[in-house]
Amino acid sequence: MVNIEELYDDDLMHILLAVPARTLILRCRNVCTKWKEIIESSVFWNLKCHHLGYVLPNLVQRPLNWKMFVCMPTMKQNLLSNPRAKRGFDLWNLDESGGNGWKVEFLKEPKVMKLGEDKIKKYFVTSHRQCLKSQLIDLRQMGYRNSFIDFMQPEILISDWYAPKLDSGARYKLRVQLLSEDKKVLKEFCPETIIMRRNNDGKWRQITHTFHNYGEGVRYIFFQHGGQDEMLWGGWYGVRVTNSSVSLELRDE
């Protein structure tokens, strides 16, 4: 039987690479001085990142701080709250409510619709004047350390679903901004307004965007979408939106 205390540093390091980050920091660091030195080294965490399939961006020059791994954030979770209108307009800021304002509608036929991998029962609908709603995502509040965002530069994935009402023209708008601590815009995705004419098919469509290599200092994500009815009819014949998402992902190159 091999005595683990007799292993060379390189052999021990490769064994420790297979241990989850939280266990390494909360337990393994306390085993002995040798383990502590290995686990707190920048070299070890660079190897750990590659072992996990994470690729560090070229802009990262400083040594990795092992403390950022104490609570590795969950990747791919949707950072937007109430994206499918399950709780009405709860947690959304209604920036503009033109015409008759915003409304939540239930699906009629079919009663459940699948958009991507998600099942949808409700959606938000706009009126005959511009309607916009938004959320401001505080990355720190969501569990993402500043050092994690700055060093690891996870991709920020944006997705939204929109559709006109059948035979009713509509306009759709989307704006997503990456903001600094003082709310300065660092990066922005703001495509041209999408105009859907009256003789449309009423189908739902997805719009996506990925922020990458955005540099240090991103602390907030501002998400805003909406639109209006192109026909200027009273009521709620404007663009419909639902199943919006903002998520972070670390990808292997």
Compactness check, segment 112-253: C-alpha Rg relative to the 2.2 N^0.38 Å globular estimate gives 1.16
Highest mean first, how do 116-129, 134-147, 179-192 rank when packing is the count of other Cβ atoms within 10 Å averaged over residues? 116-129, 134-147, 179-192
Length added when fully stretched, LYS114-SER81, from 0.36 nm per residue minus Cα-Cα: 10.0 nm
For segment 137-143, in order, what is each residue's ³J(HN,Hα) by Karplus, 6.51 cos²θ - 1.76 cosθ + 1.60 with θ = phi - 60°, in whole Hz (x at glycine and Pro)? 9, 8, 4, 5, 5, 7, x
Calculate, in nm to one decimal, what TRP233 and THR208 gain on full extension: separation in residues at 0.36 nm each, minus their alpha carbon distance. 6.1 nm
Förster radius 25 Å - calculated FRET efficiency between GLU216 and GLU40, Cβ distance, rounded to 0.05: 0.65
Under 5 Å, built H, 5+ apart or other chain: amide partners of GLU230: GLY169, ALA170, ARG171
What distance in nm separates the two pseudo spin-label positions at ARG198 and ASP95, each 7 Å out from Cα along the beta-carbon direction? 3.0 nm
Counting only Cα atoms, I'd like the Rg/Rh figure for segment 154-223, Kirkwood definition for Rh. 1.11
Give me the lysines in straight-line cross-link reach of LYS34: C-alpha distance below 27 Å, same-chain residues under 8 apart excluded. LYS48, LYS67
Can you list the residues, at least 5 places off or on another chain, whose amide H is less than 5 Å from the amide H of LYS187, using H built in the peptide plane? LEU178
ASP167 to LEU107: FRET efficiency via 1/(1 + (r/R0)^6), r the Cβ-Cβ distance, R0 22 Å, to the nearest 0.05? 0.80
Expressed in square angstrom to the nearest 10, the accessible area of MET231 with a 1.4 Å probe stands at 60 Å²
Residue-ordered couplings for segment 183-200, obtained by feeding phi - 60° into the Karplus form 6.51 cos²θ - 1.76 cosθ + 1.60 and rounding to whole Hz (Gly and Pro as x), are 6, 6, 6, 9, 9, 8, 10, 9, x, 4, 4, 8, 9, 10, 6, 5, 7, 9
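The values are calculated or read from the model by the stated rules, or taken from the named source; none is laboratory data. Values in this document were obtained by computation on a predicted structure and should not be read as measured data. Cβ coordinates were reconstructed from backbone atoms using ideal geometry, including for glycine residues, and neighbour counts include every protein chain displayed. Only protein heavy atoms, including side chains, enter the accessible area calculation; ligands, DNA and RNA are left aside. Shrake-Rupley method; radii C 1.70, N 1.55, O 1.52, S 1.80 Å.
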